[in-house]
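Here's a structure for you.
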């Protein structure tokens, strides 16, 4: 996913790598239990027609910002 920084603290000369996961809550809990420093817990960022896009931001051991990303299927009528 490519995009323009939406917050001043993200506006820097580096890229955020997004890791797509099936179950963001489960991966978040596993990472957190292993000592990963999360900046933002899993949260809904965009409701799409067939799925909801969820993100959770975290920092690696060098302080770089990374994120988990999950496309949670929606019940479509």
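Treat each spin label as a single point 7 Å out from the Cα along the C-beta direction, and report the residue 6 to residue 29 distance in nm.
2.6 nm
Residue 45 to residue 22: extension gain in nm, 0.36 nm per residue of separation minus the Cα-Cα distance?
6.7 nm
Another question about this same structure. Starting with the fewest neighbours, write out 62, 25, 9 ranked by other beta-carbon atoms found within 10 Å of each beta-carbon.
On the way: 62 5, 25 15, 9 8.
In increasing order of surrounding Cβ atoms, one gets 62, 9, 25.
Per the helix-only calculation at 222 nm, which mean residue ellipticity applies to the chain, given -39500 (n - 2.57) for every DSSP H run of n ≥ 4 and division by its residues, nearest 500 deg cm²/dmol?
-4000 deg cm²/dmol
Since every read-out is calculated from the coordinates, none of them should be taken as a lab result. Worth saying up front: this structure is predicted, and the values here are computed from it rather than measured. Counting neighbours? That spans all protein chains shown, and the Cβs are built from the backbone with ideal geometry, glycine included.
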